[in-house]
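**Student:** Can you read through this structure? Questions will come right after.
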Amino acid sequence: MTPGLSIMLRSYSPEDPGPGGWQHLLDRACAADEAGIDRIFVSDHVVFGENMEAYASPEVGGQEGGRQPTGPDGHWLEPLTVLTALSAVTTRIRLATGILLAALRRPVVLAKTAASIDVLSGGRLDLGVGVGWQREEYEAAGLDFEQRGRILDHTLAVCQTLWRDSPARFKSEELQFERIHQMPHPLQPGGVPIWVSGTVNKRVLERIVRFGSGWIPWGPAEADPMTWIPRVREALAAAGRDVSGFQVAGRLPVVTNEDRDIDVERTMERVPPLIAAGVTDFRTIIRLPGDKAAATERLAGIVAAFRKTTS
């Protein structure tokens, strides 16, 4: 599998950016598309409570030592809406959530929205999903935070049923339907690829095996993919899954020089060991010039170095 290079687009702002303040999202998506970046991804928060410190608590799904990039009044755009807009100004780059709090959406509506984006983009959507860390988000949606893993699994099961079957039939304790038609289906065979985010535990492994086309490591697994990727592959193989096409995201930290600009050569030195460990999608955050042409040129140079390193 050819390794891919992905960049995060900040679809949030610490404060209101004002009229036209989100144009940078469109410009940077176009620059990434033209430069040859493989995938762009955006993150998700529907609401915030005021306990922002919970993000640093692994026991509720946070990242030890982590810090949210905005306060509770930060401006966060809805990621599927953002990707819809980006699909209209790009032609080849893949469009991803990293991650979507899928359990907060009604499953039948999420299935329809994701299928529509996939069709409109020409089959370019990747749905990265996770349970999140914030109790207040679930409570504001009328959902039980303690049941967020089960709700996520249920949501994904409904989505995949509607993406693949017509007429569709589904039965669970909380939802039953039969002879249901939801068209169009996603363009991608089998439906929109689902990338499951999480650390390595029994519940996440079961979710990856059941639903995952890829895995987005989190917590200790993100910090040490070389240890944890084999365990995920073992679980897939034990369940009879073909691991040859399974994708794994890996964080590619940017090394900077004295001018705080990216040191491309030193950054790329980190790539080969991660490829050997099984990482297929290298995800990074890159500071870009405000000018679209300059941003395209910067990214094209990074892509060229990445392709040289991975060839």
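The values are calculated or read from the model by the stated rules, or taken from the named source; none is laboratory data. Predicted, not measured: the structure shown is a model, and the values here were computed from it. With ideal geometry, Cβ positions are generated from the backbone for all residues, glycine too; neighbour counts draw on all protein chains shown. Accessible surface is based on the protein model in full, side chains and every heavy atom, while ligands, DNA and RNA are left aside. Shrake-Rupley method; radii C 1.70, N 1.55, O 1.52, S 1.80 Å.
**Student:** Which of rounded, prolate, oblate describes the range 179-311, given a ≥ b ≥ c as roots of the alpha-carbon gyration tensor eigenvalues and a/c under 1.5 marking rounded, otherwise prolate only if a/b is larger than b/c? Write down the numbers at each step before the final one.
**Tutor:** Details: a/c = 2.44, a/b = 1.52, b/c = 1.61.
Here the range 179-311 falls in the oblate category.
**Student:** What's the magnitude of the charge dipole for the chain around its Cα centre, counting Lys and Arg as +1 and Asp and Glu as -1 at the beta-carbon? Answer in Debye, nearest 20. Intermediate values should be presented prior to the final figure.
**Tutor:** Values: 34 positive and 39 negative charges, 234 e Å.
Here the size comes out at about 1120 debye.
**Student:** Let's see if you can work this out: charge +1 on each Lys and Arg Cβ, -1 on each Asp and Glu Cβ, no other charges. What is the dipole magnitude of the range 1-137 about its Cα centre, in debye to the nearest 20? Before the final figure, lay out each step's value.
**Tutor:** On the way: 11 positive and 17 negative charges, 116 e Å.
The dipole magnitude comes to about 560 debye.
**Student:** Can you give the three extents of the C-alpha atoms in the range 123-192 along their principal axes, from longest to shortest, in whole Å?
**Tutor:** Principal-axis extents of the range 123-192 (Cα, largest first): 35, 30, 16 Å.
**Student:** Restricting to DSSP loop positions (anything but H, G, I, E, B) with no more than 10 other Cβ atoms inside 10 Å of their own Cβ, which GluC sites (Glu not before Pro) remain in the range 178-263? Write out the running numbers ahead of the final one.
**Tutor:** Details: sites: 178, 206, 222, 234, 258; in loops: 258.
Hits after loop and neighbour filter: 258.
**Student:** For the range 66-81, what does the Karplus curve 6.51 cos²θ - 1.76 cosθ + 1.60, with θ = phi - 60°, yield as ³J(HN,Hα) per residue in whole Hz, taken in order and with x for Gly and Pro?
**Tutor:** Residue by residue, the range 66-81 yields x, 9, 5, x, 9, x, x, 9, x, 9, 10, 7, 5, x, 5, 5 Hz.
**Student:** Sticking with this one: Within 10 Å, count the other beta carbons around each residue, average over each peptide in 51-59, 295-303, and list them highest first.
**Tutor:** 295-303, 51-59
**Student:** In deg cm²/dmol, rounded to 500, what helix-only [θ] at 222 nm does the chain give when every DSSP H run of at least 4 residues adds -39500 (n - 2.57) and the total is split over its residues?
**Tutor:** Values: 11 runs with 120 residues, N = 311.
When only DSSP H runs of four or more count, the value is -11500 deg cm²/dmol.
**Student:** Further question on the same structure: Using the heavy atoms of the protein chains and a 1.4 angstrom probe, tell me the accessible area per residue for the chain in square angstrom. Intermediate values should be presented prior to the final figure.
**Tutor:** Details: 14790 Å² over 311 residues.
About 48 Å² of surface per residue is accessible.
**Student:** Then there's this: Work from the charge dipole of the range 2-108 (Cβ charges, +1 for Lys and Arg, -1 for Asp and Glu, about the Cα centre) and give the residue of 19, 93, 32 farthest towards its positive end.
**Tutor:** In the range 2-108, that residue is 93.
**Student:** Looking at the chain from every direction and averaging, what is the projected area of its Cα convex hull in nm²?
**Tutor:** Values: hull surface 64.8 nm².
Value for the chain: 16.2 nm².
**Student:** Using a 1.4 Å probe over the heavy atoms of the protein chains, calculate the carbon and sulfur portion of the accessible area of the chain as a whole percent.
**Tutor:** Numbers: 7500 of 14790 Å².
That fraction is 51 percent.
**Student:** Given +1 on the Cβ of Lys and Arg, -1 on the Cβ of Asp and Glu, and no further charges, what dipole in debye does the range 261-311 carry about its Cα centre, rounded to the nearest 20? Could you put the intermediate results ahead of the total?
**Tutor:** Working: 8 positive and 7 negative charges, 24 e Å.
Charge dipole, the range 261-311, about its Cα centre: 120 debye, nearest 20.
**Student:** Follow-up. For the range 72-124, what class follows from the C-alpha gyration tensor (a ≥ b ≥ c being the square roots of its eigenvalues): rounded when a/c is under 1.5, otherwise prolate if a/b is larger than b/c, else oblate?
**Tutor:** Values: a/c = 2.31, a/b = 1.26, b/c = 1.83.
Oblate shape, in that a/c is at least 1.5 and b/c is the bigger or equal ratio.
**Student:** Using each residue's phi in the range 140-156, evaluate 6.51 cos²θ - 1.76 cosθ + 1.60 at θ = phi - 60° and report the 3J(HN,Hα) Karplus result to the nearest Hz, with x for Gly and Pro.
**Tutor:** Karplus-based 3J(HN,Hα) across the range 140-156 equals 5, 8, x, 10, 7, 4, 5, 9, 5, x, 5, 5, 4, 4, 5, 4, 5 Hz.
**Student:** Would you list, by chain and number, the lysines whose Cα falls below 30 Å from the Cα of residue 202, excluding same-chain residues fewer than 8 positions away?
**Tutor:** Within the straight-line cut-off, residue 202 pairs with 112, 171.
**Student:** Quick one: helix 292-310 against the long Cα principal axis of the chain, what's the angle to the nearest 10°, folded into 0 to 90?
**Tutor:** In the chain, helix 292-310 runs at an angle near 80 degrees to the longest axis.
**Student:** A further question on this structure: Quick check on the chain: of the DSSP beta bridges with both residues there, what percent are antiparallel, nearest 5%? List each step's numbers first, then the result.
**Tutor:** On the way: 6 of 33 bridges.
Restricted to the chain, the bridges split so that about 20 percent are antiparallel.
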